[in-house]
1. Run down K74, K59 and say which single residue is buried (at least 17 other Cβ atoms within 10 Å of the Cβ) and basic (K, R).
2. Residues of the range 77-93 being surrounded by 14 or more Cβ atoms within 10 Å (Cβ to Cβ), more than 19 Å from T120 (Cα to Cα) and of a type in the set (G, A, S), which ones?
3. What about G23, is it more than 26 Å from V107 (Cβ to Cβ), out of contact with any His (no Cβ under 8 Å at 6 or more places or on another chain) and at pLDDT below 90?
4. Please go through the range 7-35 and pick out each residue that is over 15 Å from the mean Cα position of the chain (by Cα) and not in a loop (DSSP other than H, G, I, E, B).
5. Of the conditions (1) of a type in the set (A, V, I, L, M); (2) closer than 30 Å to W97 by Cα; (3) over 18 Å from the mean Cα position of the chain (by Cα); (4) modelled with pLDDT of 80 or more, A168 clears all except one; give me its number.
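The values are calculated or read from the model by the stated rules, or taken from the named source; none is laboratory data. Just so we're clear, the structure is a prediction, and the values are computed from it rather than from any experiment. Quick reminder, even Gly has a Cβ in these numbers, built from the backbone with ideal geometry, and neighbours come from all protein chains shown.
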Amino acid sequence: MTLAPVENWYLAKGVEGPKYTVGPRCANPECEHFADHAHHIFRRSMLAGDFHWVEVDGKTFGNLTGLCWRCHDKVTGNVGGHQARIWLELERGLFLWQRYSPHGNTVFQNVGPLDPQPPTSLVSNGESSAQESEHCPFCGQTRRRRGTAGPKPRRRRKTWNVSVPDDAEDGADILDTFVDDIALILGAGDWHERNRRYWALIHALAWTMQQREQFARDVKAAA
């Protein structure tokens, strides 16, 4: 069970808002793993529903953050009790990762701000601010743009070509199979079809760089 991120959690209420995707990395600032779960900072039972956004003391915050399965267990107490919690510092509007200290009473010590922070909403009382927040649908971080008129421009794109063998070995078919398998593993159902290859490759290459020493050893051993 997730611990309350504020003392007066009963003052928090779930609010409707745009859905966003967390990740790609775990939000614990000490962790270097990829996010496995979209964790509810204010648990569903606190808000009496599955809300992606929460309002506390007149401020609105995203209620989801990406955690790897290890850090998710730490904040939910699934294995060995609560080893960490996420705490909302209301004055600064900042979510902190706190580590449990076994000395004395139950005390949690600050490790650092969640990275990335859940997005914030600049919409209040049904009116948009002069500067409207724009949430990245992949990482959930907030960007700002001036003005509210007109639709936001489409993201610029370019093509990155790869030459592959096309004889007895069908390189294109091999790459397509790998990319589709990786996307399936990562649960890429929400990815737009034209972005599917890009996100699958980005995740795979980022993980490879993270494990580069073991990767180099395995490739050399297989050569």
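1. K74
2. G77, A84
3. Here the answer is yes, as G23 does meet what is asked.
4. If the condition is that a residue be over 15 Å from the mean Cα position of the chain (by Cα) and not in a loop (DSSP other than H, G, I, E, B), then W9, Y10, L11, K13, G14, V15 are the ones that fit.
5. Exception for A168: condition (2).
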